[in-house]
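Following: one structure in structure tokens, then a few remarks.
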Number of protein chains: 2
Amino acid sequence: MPRFKIPEITVERLSIYLRAIKKFHHEEILSSQRLAELVGTSDGQVRKDLAYFGEFGVPGQGYKVGKLKGEISHILGLDREQRIALVGVGKLGSALLAYPGFKSEEFKIKAAFDNDPSKVGRTWQGVTIQDVKKIPQVISREKIDLGIITTPVPAAQQVANKLIEGGVKGILNFAPTRIVVPDHVKLRNVDLAIQLEGLSYFLTQVGP
Amino acid sequence: MPRFKIPEITVERLSIYLRAIKKFHHEEILSSQRLAELVGTSDGQVRKDLAYFGEFGVPGQGYKVGKLKGEISHILGLDREQRIALVGVGKLGSALLAYPGFKSEEFKIKAAFDNDPSKVGRTWQGVTIQDVKKIPQVISREKIDLGIITTPVPAAQQVANKLIEGGVKGILNFAPTRIVVPDHVKLRNVDLAIQLEGLSYFLTQVGP
DNA sequence: CAATGTGAAAACTTTCACAGCC
DNA sequence: GGCTGTGAAAGTTTTCACATTG
């Protein structure tokens with residue numbers, strides 16, 4: 001549907017728009033201006049972002065919430081189940097297993113793995129923790145296409161390799177280290193400490 | 001030191017460079033090319049990023065690890081203690097309290113708050129959990145300048161207001177909602193679900 | 001002579017403003 | 001009259017290439 005290359009930031013904003021409009025009723029109509037205020041951007045930006053993918057609005061009126069929800073969900077692939085595996089059921093891993101956004105209708109964590117024998121076999125948030133050795137086999141049997149890495153740094157690359165061997169197409173990496181993946185796999189790093197460091201920089205700008 | 005406005009992404013990359021060079025010895029010398037390979041960017045990018053802040057390299061040689069560490073740490077404000085408060089000691093909150101990057105030499109979580117009476121008074125990771133009512137008072141007494149919000153969505157704005165009342169200068173918000181802050185406070189949102197949705201979009205691009 | 005620092009060019013993103021539609 | 005969709009302009013970031021330096 002997209003004419004050519006879509007900026008990654010546009011996709012990110014679509015997620016944000018979707019979150020914002022979910023609070024409204026299907027029948028309601030929002031203008032780009034109203035939507036922009038809700039999420040903190042400009043009306044032109046909203047229109048440009050949406051226009052990459054089609055014509056969803058009605059001139060003179062605005063965007064109908066129901067239609068927009070459907071379109072954005074479809075663009076983001078949220079209208080079909082996304083099957084996920086999480087590796088590393090430590091503190092952060094178990095928090096994410098319970099995190100509302102990670103166990104929604106669209107996202108289903110189908111498998112969890114750890115290398116700690118005392119955790120293997122236990123069930124947490126409805127998911128049974130399995131041995132990391134089984135990663136490739138389970139990923140491919142369960143047709144899982146997204147992997148989340150919440151292991152310590154030293155294990156991250158190995159785990160990524162196993163996920164890829166099993167056939168995941170995307171990896172969300174929380175281990176603060178660079179991991180290398182082949183071109184056909186999409187990697188996204190979330191480094192929580194870097195977020196803090198960015199704020200820290202800001203403080204050096206404003207005062208003592 | 002910076003001549004004018006520095007792109008936020010440059011600051012983020014500085015954090016990444018710093019993480020990468022920490023693995024090397026003080027005396028070692030790295031070229032921009034080597035550093036670029038380590039973090040997955042281009043040599044020109046590395047030089048541009050650093051050149052915003054000064055001349056840290058030696059032409060014909062490269063960058064000395066020790067010097068670079070010092071300079072980047074200083075730029076990011078990591079050469080002095082950053083005092084932090086965390087609000088919302090749920091699953092994600094307790095994971096972050098234990099997260100290595102959040103309890104480093106530079107970052108000290110000095111206070112934690114929750115509104116659940118059964119949690120108040122308990123100690124976790126060396127920090128005693130206090131009642132959210134005390135936020136403004138503790139923030140200002142302890143001279144805390146960064147706040148982390150890991151509460152559920154409905155509480156986020158209220159908590160932010162209390163943090164600001166106490167005098168924080170920056171807020172790291174993990175609640176998936178838009179919160180509004182005055183101009184002099186720096187807000188950074190980390191929405192974990194959006195990261196997943198970005199990957200999900202990618203899958204729609206490469207095939208079913 | 002190897003690698004930095006840096007203008008200038010290219011690529012990309014956001015803003016603007018307005019024709020066209022409801 | 002109000003609001004979308006969209007080219008064109010402005011602004012920003014990245015890449016390029018080279019003069020300069022140890």
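When A:Glu55 is tested against (1) in contact (Cβ under 8 Å) with a residue 24 or more places away in the chain; (2) within 14 Å of DNA strand C (Cβ to nearest atom), exactly one condition is not met: (1).
Of the candidates B:Glu8, B:Glu27, B:Glu12, the single residue that is within 12 Å of DNA strand D (Cβ to nearest atom) and surrounded by fewer than 14 Cβ atoms within 10 Å (Cβ to Cβ) is B:Glu8.
Being touching a residue at least 24 places away in the same chain (Cβ under 8 Å) and assigned to a helix (DSSP H, G or I) is the filter; apply it to region B:66-86 and report the residue that is surrounded by the most Cβ atoms within 10 Å (Cβ to Cβ). Per the stated criteria, the residue is B:Ile75. Among the residues making up region B:157-208, those that are touching a Leu at 6+ places or on another chain (Cβ under 7 Å) and either among the small types (Gly, Ala, Ser) or touching a residue at least 60 places away in the same chain (Cβ under 8 Å) (or both) are B:Val168, B:Gly170, B:Phe174, B:Ser200. Scanning region B:132-165 for residues that are in contact with a strand residue (DSSP E or B) (Cβ under 7 Å, 6 or more places away or on another chain) and acidic (Asp, Glu) yields a total of 2. Return yes or no: is A:Arg178 of a type in the set (D, E, K, R), within 8 Å of another protein chain (Cβ to nearest Cβ) and within 15 Å of B:Gln195 (Cβ to Cβ)? Spelling it out, it is not the case that A:Arg178 is of a type in the set (D, E, K, R), within 8 Å of another protein chain (Cβ to nearest Cβ) and within 15 Å of B:Gln195 (Cβ to Cβ).
Candidates in region B:33-65 are the residues that are assigned to a helix (DSSP H, G or I) and more than 10 Å from DNA strand D (Cβ to nearest atom); of these, the one that is nearest to B:Thr10 (Cα to Cα) is B:Leu50.
Where a number appears in this text, it was derived from the coordinates with a stated rule and is not lab data. Quick caveat, the model's predicted, so the values are computed rather than measured. When we count neighbours, we look across all protein chains shown, and the Cβ atoms used for this are built from the backbone with ideal geometry, even at glycine.
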